[in-house]
Amino acid sequence: MQLNSVSVYFEDTITGEASLSYAADLAARLGAHLKVIVLTDSRREARLPGKIDARASLCRRVETAVALKTGLKPLTQFSIVCSDLASEHCERPAEPGGILVSRLDPLTQTLAHHSRVVPVIASYDEMSVCGRCASGPVLIPFGDEESGLHGAAVGLPLARYLGLPVVFYHTTWKDESVASENAMDHMCQAARGILDRLVSRACPGGVAHRLVIETADDVVEGMLHCAMREQASMIVLARGPRTGLGSYVSQSLAQSPIPVVVAPGALLPEGGVS
Amino acid sequence: MTGAKPCSLAFFRNPFFVMGLVLFMYAVKAAVKITLGSSINSPMIEGDGFHNLADILEALAVMAVIYVSKLPSSDEYPFGRKNIEFFASLAIGIGLLALSLQFASRSIGGMLFYFPTLDQAVRSVLPLPAHEPLVMDPGTFPVVLGISLVSVVLSVVVSRYQIAVGRSSGHASLVADGEETASDSRIEFVTLGGILAEYAFDAPYLEYPLGLLVAFLIARTGWELFSRAWKVLLQHSLGAERETEIRKLCLMVPGVVDLASLKTFQVGQTAVVMVTVVTRRGSGPTAFMKYGLEHIVQSYLLGDEFKECELSVKFQKPSPERYRVAYAVSMGESHQVTVAASLRGASHLVICDV
């Protein structure tokens, strides 16, 4: 997987500054181009005199602000992209091969739900990728469906580019017919199959990885507790094919203190989501 | 059969069993030393026997302290009664400091005995105890030597046992009593050295410089016990070094913007950390931040010194970060105000406090 650009929404607030800083750091670590998205509204601009000047002026102001805040050079190291709220393009501000950093949880959920094209990182208040812990692993949770593989499709290249280890996390329900205290013995066949495929994908890329398998009472709680214990740099998840709102991804986005990467998952089935 | 082994091992680690053994040891030592000392007319050995009698009372007091400290916490005593152990440590620390002073003055008195002029000059300024030379004949030598040797070995073994069990079970008073027993062993070792020096080289004075060194070691142990108990009882912080590390670790937890306050102290073997975290995150993430903070702080603090760690976390929002922003606006003919497309096209600047 190629990650050639990092996009971020421009927001002239302290928290927006954190997202911009995170995106700039991520772009630098990935060797990717930074795209700063400016939300514009063509309907509002139409009511203003000199509308072309208004948009150009806004872009110039944002360009100056980004250069000052990040120390990056315009055009060569970052560019300004306008996203019109009045057009459908707003929902797909980043192109395939890119990654979108977004601070706003509801926006991230909307983007992750509607767009299956780019990975989206909810960076919250973090200023840099490894600012808290230099070797914090990338946590990739998996279940018995392919969403874990979709997460790994983004998480493994990210870990490789960032030089971070990976923790594959799985929590399983206790199988009452199994006497073992080892959580791995309670895993179902489908989850074991996913685990084998994950490990086989991590090995050729040379990504250091290990497993955490447990029988937590609650899936999201267990996953977030593990991420906090491991001092994870990020959690990479993908939505399952059968769920949309209220899924583990949505719960994680709402509750995680750690940046969450929502990887593009499988296409939605006909008839919408449950 | 397999289940019996850990149970019996646990019995040997029971603080009351250890103190029972200590009581037995002191009772035997006191009986033997008082009997022998009076029979050979040795005030030093007899005095040591009475010192062991005092140790029996101290051991009984330590057992009472351990019993009280093990009582569970309640509404009235939310942290339990573990601090009582440090009252015992404080008392034992003061006792050791007094003992070291007494032993040092006896050793100085012994050294000055060989320099009568200096002895007279010093005694005119300092009230040193009267020097009592060792009284022993060749017939009693093997008995005295044997008893002194066994006494030293017993004290060393029992003190190590007390300290090990005290540390593993988290009973500071047991550790302090073990340190006291270890000090006894050092004094007994010096006495043994004196006996051997007199017999082998006819040079009992060798005992006294060694005694001065031992007095210093006892004073150091006494001061350590005293100062640690003092700090715990007065709820001294866990120390600047530990607080700096805790602050650093807390800032490693995602979502933490800053620490508004950090207070630390110790109750018994429990480290108490009270922290107010500044965060912009809501109630959902803060529950997991609390988990992360507990995990990272406990991993750092739990070990030999602290058996438990209580972390109290409060979250607060950052104070408003106020700033000013200027908007370039243009006023139309009908006094309608709109944001200007550029500064050149602006008629007014509106400055707002945000």
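The values are calculated or read from the model by the stated rules, or taken from the named source; none is laboratory data. Treat the numbers as computed from the prediction; the structure is a model and nothing was measured. Quick reminder, even Gly has a Cβ in these numbers, built from the backbone with ideal geometry, and neighbours come from all protein chains shown.
Odds and ends about this structure:
- Under the condition of being of a type outside the set (D, E) and in a loop (DSSP other than H, G, I, E, B), the residues counted in region A:176-219 number 15.
- Of all the numbered requirements in (1) buried (at least 21 other Cβ atoms within 10 Å of the Cβ); (2) over 14 Å from the mean Cα position of the chain (by Cα), B:Q266 misses one, and that requirement is (2).
- Restricting region B:269-285 to residues that are surrounded by 19 or more Cβ atoms within 10 Å (Cβ to Cβ) and closer than 11 Å to B:V256 by Cα, the residue that is nearest to the other protein chains (Cβ to nearest Cβ) is B:P285.
- Reported count of residues in region B:220-248, each being of a type in the set (D, E) and within 14 Å of another protein chain (Cβ to nearest Cβ), is 0.
- Odd one out for B:S159, checked against (1) surrounded by fewer than 21 Cβ atoms within 10 Å (Cβ to Cβ); (2) at pLDDT 90 or above: (1)
- Output for region A:129-158, where each listed residue is more than 14 Å from the chain's Cα centre (by Cα), at pLDDT 90 or above and within 14 Å of another protein chain (Cβ to nearest Cβ): A:G136, A:P137
- Filter pass, B:V313 being assigned to a strand (DSSP E or B), farther than 24 Å from B:R228 by Cβ and more than 8 Å from chain A (Cβ to nearest Cβ): yes
- Test: residue in region B:328-347 that is touching a Phe, Trp or Tyr at 6+ places or on another chain (Cβ under 9 Å) and either in a loop (DSSP other than H, G, I, E, B) or charged (D, E, K, R) (or both): yes
- Listed conditions (1) touching a Leu at 6+ places or on another chain (Cβ under 8 Å); (2) within 22 Å of B:E305 (Cα to Cα); (3) at pLDDT below 85 are all met by B:I92, apart from (3).
- Flag if A:S274 is surrounded by fewer than 17 Cβ atoms within 10 Å (Cβ to Cβ), polar (S, T, N, Q) and modelled with pLDDT of 90 or more: no
- Yes/no for B:L302 being among the aliphatic types (A, V, I, L, M), surrounded by fewer than 16 Cβ atoms within 10 Å (Cβ to Cβ) and away from chain A (no Cβ under 12 Å): yes
- Odd one out for B:E321 among (1) buried (at least 17 other Cβ atoms within 10 Å of the Cβ); (2) acidic (D, E); (3) within 14 Å of another protein chain (Cβ to nearest Cβ): (1)
- Exactly one residue out of B:L251, B:L343, B:L293 is of a type in the set (A, V, I, L, M), loosely packed, with under 13 Cβ neighbours inside 10 Å and within 29 Å of A:S19 (Cβ to Cβ): that is B:L343.
- Of all the criteria given as (1) away from chain B (no Cβ under 14 Å); (2) out of contact with any His (no Cβ under 8 Å at 6 or more places or on another chain); (3) of a type in the set (S, T, Y); (4) in contact (Cβ under 8 Å) with a residue 12 or more places away in the chain, the one not satisfied by A:T172 is (2).
- Annotation note: of A:R210, A:R201, the sole residue that is touching a strand residue (DSSP E or B) at 6+ places or on another chain (Cβ under 7 Å) and modelled with pLDDT of 90 or more is A:R210.
- Flag if B:D202 is among the acidic types (D, E) and either touching a helix residue (DSSP H, G or I) at 6+ places or on another chain (Cβ under 7 Å) or within 14 Å of chain A (Cβ to nearest Cβ) (or both): no
- Pairs linking a residue in region B:249-262 that is facing chain A (nearest Cβ under 10 Å) to a residue that is charged (D, E, K, R) and not in a loop (DSSP other than H, G, I, E, B), with Cβ atoms under 9 Å and 6 or more positions apart or on different chains, are B:L251/B:D258.
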